[in-house]
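Here the structure comes first, spelled out in structure tokens, and everything after it is commentary.
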Amino acid sequence: MFVPVTSQTGKKLMPTRANKAGMLIKKGLATPYWSNGIFCIRLNYTTEAEYTQDIVVGVDPGSKKEGFTVKSEINSNKQVVLQAKPEDYRILRRINFKYKHG
């Protein structure tokens, strides 16, 4: 499991593993906080280089399943396949239309 990391200035950095985040919090080098229901840490020290990595998000809208992939040059971080019925989408569209148009 990865934990998002924020620098002192508020810039988003590369995520770290949960055990390393816990170690940083115990040593006082990071402060834990919640952002939109996601556990994050904020570094309490300045970093020399605020390195971020370019990523690409791929979406495969299939007829029976949908697939999402987050990839970088180094590795594939996350691959998710969702099973959803087309009827569910029609019902959701109908509900959203009613909310928008009264």
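Throughout, read-outs are computed from the coordinates displayed, never taken from laboratory work. A quick note: this is a predicted structure, and the numbers were derived from the prediction, not measured. Neighbour counts are summed over all protein chains in view; Cβ atoms, including those assigned to glycine, are modelled from backbone coordinates with ideal geometry.
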Quiz item: In what order do Arg42, Arg90 fall by count of nearby beta-carbon atoms within 10 Å, going from fewest to most?
Solution: Arg90, Arg42
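Rounded to the nearest 0.05, what FRET efficiency do Phe68 and Thr46 give with R0 = 35 Å and r taken as the Cβ-Cβ distance? Could you check?
Working: r = 35 Å, r/R0 = 0.99.
About 0.50, to the nearest 0.05.
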